[in-house]
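In what follows, a single structure is set out as structure tokens and then discussed.
Read-outs throughout are calculated quantities, based only on the coordinates presented, and are distinct from any laboratory measurement. This one's a predicted model, so the numbers in the text were calculated from it and none came from an experiment. All Cβ positions, even for glycine, are placed from backbone atoms using ideal geometry, and neighbour counts span all protein chains on display.
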């Protein structure tokens, strides 16, 4: 679907464009992909929430693209993840994952997350310039999810590179190659864990059962890849966006410097203000659907712009204001409905620990360059910074 945030200026701040689209109509047609197939984009909050919870909007991309002659060669483990499935398959897979990916596991990880954060912050030197993305926002969630899945330290740089390449907008060959590299690696790692089992999340996925039901080999590889990629991409963007938002709002930053224990209560507003996932993954209508007064025919691609929905003044008054007293729990930063991000508790734990540590240990942190010089990732799916130079 045509990206509504093309151009450097709109990459930096897509929200005026979103507001213009939403004011015209919260659900409107836009061509999808290079072939110009009719599609629809959703920018209103009520319409987005309805779309995310509507079973008539399928996520089974294999069904949509069947017979369309796609030249893509994504590995099946990446093309047909739990995210790209509908009930009953999605229900079954999520139930098995939830048995292994518990809030208890996240709680147990908190001391490890704190140790990793402190180790990364130890590299910050007062008076020197530091890239928050490369130095903390990227490595922290990569180290955590790799530790959770049992990925050896020597392999983590490769995993991080492949994951970044999966979001290489406009480079389908790079994306396809990365999908095979990631899936092949996880296949080998799963085989190795079977020979020498441990207590990692990957080991729990290998043994996960629901009665007589268990994960097939393809499902196991697919879930491992999904957790590995989704387990750090969202958090990386969340951390960068959150710190930038605070650095641009001195009153809020000062409040948190004075009382870092307030950080957990403010995470939802930070997620709403600049959502780390810009656009929800692909959906299509299985029958005609009326959404926001717009008639969408069967078989039409639909993309829900979470960033636009989270700035809808009909749901969040003065949405362009970072309001640390706002009740923003209803934000759509992690999605909504059956596909809501299963790793949300981990992402929020990492953000809480990291932001609290930065504000406690480096209270003088400030932007090293004007905000309009910052470079943003060129992809509509995620909303994140390429780098965030700061001084401490």
Worksheet entry | Virtual spin-label span in nm between residue 92 and residue 199, 7 Å along Cα→Cβ | 3.2
Worksheet item: Rounded to whole Å and sorted largest first, what semi-axes of the equivalent ellipsoid does the C-alpha gyration tensor of segment 119-201 yield via the square root of 5 times each eigenvalue?
Response: 27, 21, 7
Item to complete: Can you tell me the order of 136-146, 356-366 when each peptide is scored by its average per-residue count of other Cβ atoms within 10 angstrom, highest first?
Response: 136-146, 356-366
Worksheet item: Tell me, Kirkwood radius of segment 241-363 from alpha-carbon pair distances, in Å?
Response: 16.0
Worksheet item: Once Rh for the chain is found with the Kirkwood sum over Cα pairs, what is the Stokes-Einstein diffusion coefficient at 10 °C and 1.306 mPa s, in µm²/s?
Response: 73
Worksheet item: So what's the gap between the Cα centers of segment 363-386 and segment 332-356, to the nearest angstrom?
Response: 20
Practice prompt. Whole Å is fine, so just give me how far the alpha carbon centre of segment 139-176 lies from that of segment 234-301.
Written response: 22
Practice prompt. Return the Cα extents of segment 219-306 along principal axes one, two and three, sorted largest first, each rounded to a whole Å.
Written response: 54, 40, 18
Discussion item. Need one number: nm distance between label points at residue 366 and residue 158, each 7 Å from Cα along Cα→Cβ, rounded to one decimal.
Written reply: 4.4
Discussion item. Considering the Cα positions of segment 302-392, please state its Rg to one decimal place and its Dmax as a whole number of Å.
Written reply: 15.6, 44
Worksheet entry | Computed helical MRE - 222 nm, the chain, DSSP H runs ≥ 4 contributing -39500 (n - 2.57), nearest 500 | -15000 deg cm²/dmol
